[in-house]
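The values are calculated or read from the model by the stated rules, or taken from the named source; none is laboratory data. The shown structure was predicted, so the numbers you read here are calculated from the model rather than taken from an experiment. With ideal geometry, Cβ positions are generated from the backbone for all residues, glycine too; neighbour counts draw on all protein chains shown. The accessibility values were calculated without ligands, DNA or RNA, using every heavy atom of the protein model including side chains. Shrake-Rupley method; radii C 1.70, N 1.55, O 1.52, S 1.80 Å.
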Amino acid sequence: MSLSDRLHPGINLAGTDPESHEAAEEVLFGFWIFLMSDLVLFAVLFATYAAMSVQGIAAGPGPAEVFDLTAAFLETLLLLLSSFAFGFALLAMKYRENRRSVLAWLLVTGILGLAFVGMELHDYYVMVTAHGATPQVSGFLSAYYLLTGTHALHVSSGLVWMAIMAIQVAMFGFDKRVKLRLMRLALFWHMLDVVWIGIFTFVYLFGVTS
Amino acid sequence: MNWELIFGQITWNSFVFAGAIENPSLSEFIASGAGTVAVLGALASVILLTVKRWWVPLWRDWLTSVDHKKVGIMYIVTALVMFARAVIEGALMRAQQLSAVDNSGFLSADHFGQLFSTHGTIMIFFVAMPFITGLMNYVMPLQIGARDVSFPLLNAISLMLTIAGAILIMVSLVIGQFSTGGWTAYPPFTGIHFSPGEGVDYWIWAVSLGSIGSTLTGLNFAVTIYKKRCPGMTLFRMPLFCWTTLCTSILMIFAMAPLTVATVMLALDRYAGFHFFTNGAGGNMMNYANLFWLFGHPEVYILILPAFGVWSEVVSTFSSKRIYGYTSLVYATMCIAVLSFAVWLHHFFTMGQSADVNAVFGIATMVIGVPTGVKVYDWLLTMVGGRIRFTTSMLFHINFLLTFILGGMTGVLLANPGIDFQVHNTLFLVAHFHNMIIPGVLFGMFAAVQFWFPKAFGFRLHEGLGRASFWCFAPGFLLAFFPLYWLGMMGATRRTYMWTDPAYLPWLALAMAGAVLILTGFGLMVTQIVVSVRRRAELAAPLGDPWDGRALEWSIPSPPPAWNFAVLPDVSSRDPFYEAKKAGTAYRSPEAYEDIEVPRNTATAPLIGLFACAWAFGLVWHIWWLVVVSFVLMWAVVIARSFASDTEETVPAAMVKAANEAFLAAVRATPGVTRDQEMTAANRGRAIPEGWEGGASILTSGAAVGVSR
Ligand code: HEM
Ligand SMILES: [Cu+2]
């Protein structure tokens, strides 16, 4: 099999760095499977939310009363833009191998991601203070906080991972290990977009029309 | 001084011994006795390790190792230790139920509740799971001609997380109580209102650690099988054990997540007042039932599929025949794996869905019987016309075929919602699932130990004692569990600690006798291992092929070197080693040797396991500083590891060559044995393939020295 036949998910390095490309096949496939198991986890959370948001409202507020669509829309933009920025970081890694530009793009990604988490925390704050909508109020809110909270936790751990990768880029430059890790982090980050789009659609858009 | 800040909710009364002092009763003495045994056992191990100066080798050669073979052995040792505890608990429950006809027996209701909860939880998560995982670890990479799994360190981390969970359950013997909610831990009973103590929290965190470990195992093995097969090893040339490993791994990837989510939700309900499964405020326990069995049913196939793989290897090897219906076995395995996600509802037919829904799931359940039936016929037909040897493994196999079919029949009965309404929650069900799990999974693992032990350690197990243990286990199982079918039909409910109906007595007595036989069988098995270690010189089979094996693992020395294969094999058929022996091309020297990279040992995995265990313990007892500290340390280890660069070492080609040529020379110098001599001291691990005795002379002398490829 020629090198360029061995494609794997995410950015491929066949053209620029054959050695890393060869090593990437197994590692990225493994990470792809991990993401799949992570998606199963989210699927289960979505299913729980679907049941709870209809049957679990009890005496608490319903979705339409507590969600702020504008905030959710801005969060969507932030997260998608941060993924976009990460794409540039990887392109810079692949074609330029330039520490500065990769670090700069990672910084942009990180700031956007941080802003996303910050806004989400603010959402929670508003929900709790303005509507008294804590997770202890009803099954629906429990499911809501668990679903969005798990996603936020993923984003936050992605940010920690990103900080560590920034240090490693600065320390080690672009050796094989660092490249493969950045490639995996990118997949992780993009997957969180996909999950968020699910949340935006099924939780927020459906929610405000309910 | 605020003790709670330091010790959380642990008080003097949490220790099991306090119960015996404050409230002396047989039940409490037994609890304290168990606690004492746990403490003394730990102490005895520490003393033994110190006296024998084994601490350093234990750490250096085992705990820090990432070699799949050692990881596999450690998994199996864990499983056996936990089995010893759980099987005693099973017998104790039998004794209680026997003694409690028309009186309350010798155990308190609460103690009995803890016993069936720990017994079930341990047997599933810390006996059956580590047993199959250990076996897949050891055997699968050897069978596909790989040097290790795809992610060796991750593999060691899975092991250490599993051990951390097992330790947590052992700790619950001494500090605090365990849950009384059974292995399924249904809320709202396990919610904070009805179970306010630490017991359910022990269950939650022990199971969570185990399930995370299994998720990682599943992805690791699946990737290994997809990416690490040796040249020529197409998927349809893999031994069946590898197929079942692949399907089990895929099931693990998909099925463990619902369990993790369910335990986390239960924890949030208990710790933070959420309302997933509570009675009020919109909670709904049916969500738990669905999530749990969305994991729970695939779980039973996670357990049985590797055992099916073992049976396929055992029956073809000890019949000296190629497995009958290879392709049908592969497709049957895949069908079972897929269908296993479509039947979870049969675990709660009685919990409120409409008759139509029940009918759909009932039929789906019966359909699974079809591929399983295909397998049974394939195994039977494999034996037809074969050269059958009634070794211990083979006896277990035949016993499996007979009893597993009966268990399957009762399963089909239970798949009828109408019948299930009558016998659900009775001992009929307990009989059914033990009937599948014991002859199927547990004995499958025992057979696997008999089969692959010489591969792992270089000497065979004592055959006489093996058969003796079989002749206790097999009838012991029948006696212990068949009476429960009758009891169940008479209306005896499960998880019940006392009875009023004297008609139960004879059946309970029979079941007790069976449990004693099972314990005897286990005793004999332990004796067998001890005796075999003592007589290892006479049982030695270092040349690697004591049973006239068929797959690649038998072509290398026993025990195999750290790098498994001196040169990666190139295969061109199924049963590649057997074919090579027949063609006279086995044991050839390769043209050239190359340096081999193997991963260095690392303290990463054991440290992660240690901190995970401390973290879970802190959570159980609300020791918040410990929770925070161990969580941070756990991730600090991961991060520190990511900065390490020198993680591999090179085995020079010369060293590989010396070892491999010495092995090949020893093989060529040793006359092979026929199957008649399999169990004699003449069997050093060089086999004359069945039906080729006439050609033995070409195979025995040094004449076969040749160069492959
Ligand atoms: C080998 C001897 C064994 C004996 C004597 C034994 C005995 C028992 C008994 C007496 C019970 C309680 C029945 C009741 O509810 O009244 C039980 C439950 C159970 N056993 Fe076993 N057992 C054995 C092996 C196993 C094995 C090998 C497994 C699985 C790998 C297993 C899994 C379970 C489970 C899951 C439960 C249900 C626990 C619950 O109710 O939550 N057992 N067993
Ligand atoms: Cu089931």
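The overall shape of segment A:114-155, judged from the alpha-carbon gyration tensor, is oblate: a/c is not under 1.5, and a/b is no greater than b/c. For B:GLU198, the amide hydrogen comes within under 5 Å of the amide hydrogens of B:GLN177, counting only partners 5 or more places away or on other chains and with H modelled in the peptide plane. By the Cα gyration tensor, segment A:49-99 has an equivalent ellipsoid whose semi-axes, rounded to whole angstrom, run 41, 12, 6 from largest to smallest. Compared with the dominant principal axis of the Cα atoms in chain B, helix B:604-621 is inclined by about 10°. Here the accessible area of segment B:386-532 is 77 percent carbon and sulfur, with a 1.4 angstrom probe and all protein chains present. A simple spin-label model places the labels of B:GLU22 and B:VAL77 3.8 nm from each other, with each point 7 Å out along Cα-to-Cβ. Counting 0.36 nm for each residue step from B:ARG534 to B:ALA503 and taking away their Cα separation leaves a gain of 6.3 nm. For every other residue with a beta carbon closer than 15 angstrom to the beta carbon of B:PRO196, add +1 if it is Lys or Arg and -1 if Asp or Glu, then tell me the sum. Combined, the nearby Lys, Arg, Asp and Glu give -3.
Taken along the Cα-to-beta-carbon direction at a fixed 7 Å, the label points for B:VAL51 and B:ARG588 span 5.4 nm. Any idea which of B:ALA359, B:VAL149, B:ASN435 is furthest toward the positive side of the dipole for chain B, if Lys and Arg beta-carbons carry +1 and Asp and Glu beta-carbons -1? Of the options given, the answer is B:VAL149. Listed values for segment B:479-485 are Karplus-derived 3J(HN,Hα) couplings in whole Hz (6.51 cos²θ - 1.76 cosθ + 1.60, θ = phi - 60°), namely 5, 6, 10, 5, x, 5, 4, and x replaces Gly and Pro.
Convex hull volume of the Cα atoms of segment B:518-642, normalised per residue: 232 Å³.
Find the Rg to Rh ratio for chain B, where Rh is the Kirkwood radius over alpha-carbon pairs and Rg uses the same atoms. Value, to two decimals: 0.97. Rg and Dmax, both from the Cα atoms of segment A:3-103 and both in Å, are 20.3, 61. Heavy-atom accessible surface of B:TYR326, to the nearest 10 Å², is about 10 Å², with a 1.4 Å probe and all protein chains retained. The phi torsions of segment B:677-689, fed into the Karplus equation with coefficients 6.51, -1.76 and 1.60 and a -60° offset, translate into couplings of 9, 3, 9, 9, 5, 5, 7, 9, x, 10, 10, 8, x Hz, rounded to whole numbers, with Gly and Pro shown as x.
Using a cut-off of 15 Å between beta-carbons, work out the net charge of the residues near B:ALA658 (Lys and Arg +1, Asp and Glu -1, B:ALA658 not included). Within the 15 Å Cβ shell, the charges total -2.
Averaged per residue, segment B:453-528 has 38 square angstrom of accessible surface, using a 1.4 angstrom probe with ligands and nucleic acids left out.
When A:LEU147, A:LEU77 are compared by accessible surface with a 1.4 Å probe, the order from highest to lowest is A:LEU77, A:LEU147.
Applying a DSSP loop filter and a limit of 11 other Cβ atoms within 10 Å to the trypsin sites (Lys or Arg not before Pro) in segment B:1-101 leaves B:LYS52, B:ARG53.
The charge dipole of chain A, taken about the Cα centre with unit charges on the Cβ atoms of Lys, Arg (+1) and Asp, Glu (-1), comes to about 460 debye, rounded to the nearest 20. So what is the relative contact order for segment B:408-560, in percent, with contacts set as C-alpha pairs under 8 Å and at least six apart? 34 percent. Using the alpha-carbon positions of segment B:16-64, Rg (one decimal) and Dmax (whole number) come out as 16.0, 46 Å. Counting only protein chain heavy atoms and rolling a 1.4 Å probe, the accessible areas of A:HIS131, B:HIS275 rank, largest first, as A:HIS131, B:HIS275. Chains B and A together bury roughly 2700 Å² of accessible surface, counting both sides and using a 1.4 Å probe on protein heavy atoms. Once backbone amide H atoms are built at 1.01 Å from N, B:THR426 has B:ARG494 as its partners under 5 Å, excluding neighbours fewer than 5 places away on the same chain. Across the alpha-carbon atoms of segment B:625-668, the computed radius of gyration and Dmax are 21.2, 63 angstrom. With respect to chain B, whose longest principal axis is taken over its alpha-carbon atoms, helix B:26-51 is tilted by about 30°.
Summing charges over all other residues whose Cβ lies under 10 Å from the Cβ of B:MET140, with Lys and Arg as +1 and Asp and Glu as -1, gives 0.
Give the carbon-plus-sulfur fraction of the accessible surface of chain A in %, rounded to a whole number; probe 1.4 Å, heavy atoms of protein chains only. The value for chain A is 70 percent carbon and sulfur by accessible area.
Its relative contact order, with pairs defined as Cα atoms under 8 Å and 6+ residues apart, puts chain A at 31 percent. B:VAL656 contributes an accessible area of around 0 Å² to the protein surface, as traced by a 1.4 Å probe with all chains present.
Exposure check, 1.4 Å probe, all protein chains in place: B:TRP507 carries approximately 80 Å² of accessible surface. Using a 1.4 Å probe on the protein chains only, how many percent of the accessible area of segment B:149-210 belongs to carbon and sulfur? About 77 percent, which is the carbon plus sulfur part of the accessible surface. Applying the Karplus relation 6.51 cos²θ - 1.76 cosθ + 1.60 with θ = phi - 60° to segment B:63-69 yields 3J(HN,Hα) values of 4, 8, 6, 10, 5, 4, 6 Hz, where x marks Gly and Pro. Between the listed residues A:THR16, A:GLY118, A:TYR49, the Cα displaced farthest toward the positive end of the dipole of chain A, a dipole computed from Cβ unit charges relative to the Cα centre, is found at A:THR16.
For B:PHE459, the amide hydrogen comes within under 5 Å of the amide hydrogens of B:ALA541, counting only partners 5 or more places away or on other chains and with H modelled in the peptide plane. Placing B:LYS227, A:LYS94, B:LYS657, B:LYS375 in order of accessible area, with the largest value first and a 1.4 Å probe, yields B:LYS657, B:LYS227, A:LYS94, B:LYS375. If you average the sequence gap of Cα pairs under 8 Å that are 6 or more apart and divide by the length of segment B:146-280, what percent do you get for the contact order? Rounded, it is 32 percent for segment B:146-280.
Report, to the nearest 10°, how far helix B:355-383 tilts away from the longest principal axis of the Cα atoms in chain B, using its own Cα long axis and a range of 0 to 90°. Roughly 30 degrees, rounded to the nearest 10. Among rounded, prolate and oblate, which fits the protein assembly as shown when a ≥ b ≥ c are the square roots of the eigenvalues of its C-alpha gyration tensor, a/c under 1.5 means rounded, and a/b larger than b/c means prolate? It is oblate, given that a/c is not under 1.5 and a/b is not larger than b/c.
GNM remark for chain A: springs join alpha carbons under 10 Å apart, and the peak mean-square fluctuation among A:ALA85, A:ALA23, A:ALA59 falls on A:ALA59.
Going by a ≥ b ≥ c, the root eigenvalues of the Cα gyration tensor, does segment B:70-171 fall in the rounded group (a/c under 1.5), the prolate group (a/b larger than b/c) or the oblate group? Prolate, since a/c reaches 1.5 and a/b exceeds b/c.
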